[in-house]
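Student: Before anything else, here's the structure in question.
The values are calculated or read from the model by the stated rules, or taken from the named source; none is laboratory data. All values derive from a computational prediction rather than experimental measurement. Here the Cβ positions follow ideal geometry from the backbone for every residue, glycine too, while neighbour counts run over all protein chains shown. For accessibility, only protein heavy atoms count, side chains too; no ligands or nucleic acids. Shrake-Rupley method; radii C 1.70, N 1.55, O 1.52, S 1.80 Å.
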Amino acid sequence: MHASSSNNAGVDNASTPLYGSLSFDHDFLLAKEIEKEEIRRLHNDEINKQKAEEMQFQLLQEEHNIVSNDKDDFVSQSFKNMQKFVDRHQLSTAEYFSKRFEILEMLEVGLDDQFTCTNSILPFLCKKFKEFPPRDCEWWISSHVHHYGQGFGDSGWGCGFRNLQMMISSLISLEEFKDVLHRFKDGMPSIPKLQELIEVAWSAGFDQSGKEQLNGKLVKTRKWIGATEVFTLLGFCGLHCRVIDFHKFSDNAGKCHPSLFDWVSKYFQKRHEQARTVKTGSVHKCDLPILYLQHQGHSRSIIGVQVNIKRNVITQLLIFDPSHSKSQLSSLQTDGSLRKISSTFMRTLSSFKKSQYQIVAVEGIASPEQYERQKYVDTLSERIP
């Protein structure tokens, strides 16, 4: 059920991985496949079943970055990376100490410093889509979301948290969720605060199996989170959520996930019909939450869909990716062509080539019964097909 989130691994048609080479990645993945095959072989032998389970647990820990990287937390990594910028003369000493003080001050109150936040990108995209409407198509887009990119303190491991921040920014803009999300009324929680809240959710009885897999600790670590932890935090906050698991290819050729596109289409279409919608040209802005999208090694956010009006099918998804920096988005807004915009934010069905994807969707406010049931994430996940 757990899916790790790291910017080190493959991102579908997105930016180049931050670390490693292609040959290194290939060798690493090959080694992991051999290890998984050994686990499957041992499982067939009852005598070696315990050994197989131990190997599987160790592999799971490695995939979740549990074994390594726990010595440097968000704060210490922030200061180390800022020092590198000073050494390269990309940051002055005065800016370093000013930023250091700002980070410590914001962390003291549990709020994000907004250093990687871009709140203007969605209005910019809607404006572009209205100026250059696609032929026979229209956009259904969530009415509000801020983009959060990875920063000094979470480079290489923080995409799950940044997508969670994007989802929170979408939810707190909607009247229906403001009361239940009162804990976020003072501002966006920082990554250390989100780590703390997930641990609080575990203490309240949510996702005990996930807590076990992550050794019961997120605070002051660089462990990745995935769909399960996002579900856990949002459920703990009082929201009614679902995890949809697209666990295998659903096309005849076994190369992509049309079932994922079908599900996303129904989600946006249903909410498009139910929610308050403002239409401007080819753009429908809907009061609905964005979707959290996970695959092995990375996570992103689904902000909207492009729909072919004549065929009533999705042609592209509008995706926000935390691997895109604030400076990249600023450059796009200054001189970005439609081609650059398309390659940065739009994804067709053929780009979904990973074997498994998960989506976390918020569908309302949880009833007391739903709140209790959501403590057991694995029993609530929906597998498609």
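Student: In Å³ and rounded to a whole number, note down the convex hull volume per residue for the Cα atoms of the range 78-228.
Tutor: Measuring per residue, one finds 167 Å³ for the Cα hull of the range 78-228.
Student: Residues with beta-carbon under 12 Å from that of ALA204, excluding ALA204: net charge, scoring Lys, Arg +1 and Asp, Glu -1?
Tutor: After counting each charged neighbour, the total is -1.
Student: Ok, one more. What fraction, in whole percent, of alpha-carbon pairs in the range 250-385 exceed 26 Å separation?
Tutor: Result: 32 percent of Cα pairs exceed 26 Å.
Student: Local charge sum around ILE359 (other residues, Cβ-Cβ under 11 Å, Lys/Arg +1, Asp/Glu -1)?
Tutor: Neighbour charge sum, excluding ILE359 itself: 0.
Student: Enter the Cα centre distance for the pair the range 103-122 and the range 143-214, rounded to the nearest angstrom.
Tutor: Centre-to-centre (Cα) distance: 13 Å.
Student: Treat each spin label as a single point 7 Å out from the Cα along the C-beta direction, and report the PHE85 to GLU105 distance in nm.
Tutor: That separation, rounded to one decimal, is 1.6 nm.
Student: Could you state the principal axis extents of the C-alpha atoms in the range 150-242, from the largest down, to the nearest angstrom?
Tutor: Cα extents, longest axis first: 36, 32, 21 Å.
Student: At 7 Å along Cα-to-Cβ for each site, give me the label-to-label distance between GLU175 and LYS353 in nm.
Tutor: So the two model labels end up 4.6 nm from each other.
Student: Return the long-range amide H neighbours of ILE365 (sequence gap of 5 or more, or a different chain), with a cut-off of under 5 Å between placed amide H atoms.
Tutor: HIS240
Student: I would also like to ask the following. Say each of LEU380 and THR315 gets a label point 7 Å from the Cα, pointing the same way as Cα to Cβ; how far apart are those two points in nm?
Tutor: Simple spin-label model gives 3.7 nm for this pair.
Student: Let me ask something else. Hey, any idea what the orientation-averaged projected area of the convex hull of the range 330-385's Cα atoms comes to, in nm²? Intermediate results must be reported in sequence, preceding the final value.
Tutor: Details: hull surface 28.2 nm².
With every direction weighted equally, the projected area is 7.0 nm².
Student: When the dipole is taken about the Cα centre of the range 152-203, and only Lys, Arg (+1) and Asp, Glu (-1) are charged at their Cβ, what size is it in debye, to the nearest 20?
Tutor: 80
Student: Could you run the Karplus curve 6.51 cos²θ - 1.76 cosθ + 1.60 with θ = phi - 60° over the range 206-217 and give me ³J(HN,Hα) per residue in whole Hz, x for Gly and Pro?
Tutor: After applying 6.51 cos²θ - 1.76 cosθ + 1.60, I find 7, 6, 5, 5, x, 4, 5, 5, 9, 6, x, 9 Hz.
Student: Of the accessible area of the range 76-170, with the probe set at 1.4 angstrom, what percent is carbon plus sulfur?
Tutor: It is 56 percent, rounded to a whole number.
Student: For ARG339 and TYR96, what does the FRET efficiency come to when R0 = 41 Å and r is the distance between their Cβ atoms, rounded to the nearest 0.05?
Tutor: Working: r = 37 Å, r/R0 = 0.91.
In this case the efficiency is close to 0.65.
Student: Okay, moving on. Under 8 Å for C-alpha pairs, at least 6 residues apart: give me the relative contact order for the range 180-310, rounded to a whole percent.
Tutor: For the range 180-310, the relative contact order is 15 percent.
Student: A follow-up question, please. Each residue of the range 241-249 in turn: what ³J(HN,Hα) in whole Hz from Karplus with 6.51, -1.76, 1.60 and θ = phi - 60°, glycine and Pro shown as x?
Tutor: After applying 6.51 cos²θ - 1.76 cosθ + 1.60, I find 10, 9, 10, 10, 10, 8, 8, 7, 4 Hz.
Student: Quick one: which residues, 5 or more positions from HIS284 or on another chain, have an amide H under 5 Å from its amide H? H modelled 1.01 Å from N in the peptide plane, none for Pro or chain starts.
Tutor: TRP139, TRP140, ILE141
Student: To continue, here is another question. Using 0.36 nm times the number of residues separating LYS220 and THR277, minus their current alpha carbon distance, what extension gain do you get?
Tutor: Working: separation 57, 0.36 × 57 = 20.52 nm, distance 4.17 nm.
Roughly 16.4 nm would be gained on extension.
Student: If we count every other residue with Cβ under 11 angstrom of SER120's Cβ, Lys/Arg +1 and Asp/Glu -1, where does the sum land?
Tutor: Values: positive: LYS127, LYS326; negative: none.
Local charge sum for SER120: +2.
Student: In the range 340-382, which residues have a backbone nitrogen under 12 Å from the label point lying 7 Å from PHE132's Cα in the Cα-to-Cβ direction?
Tutor: 340-344
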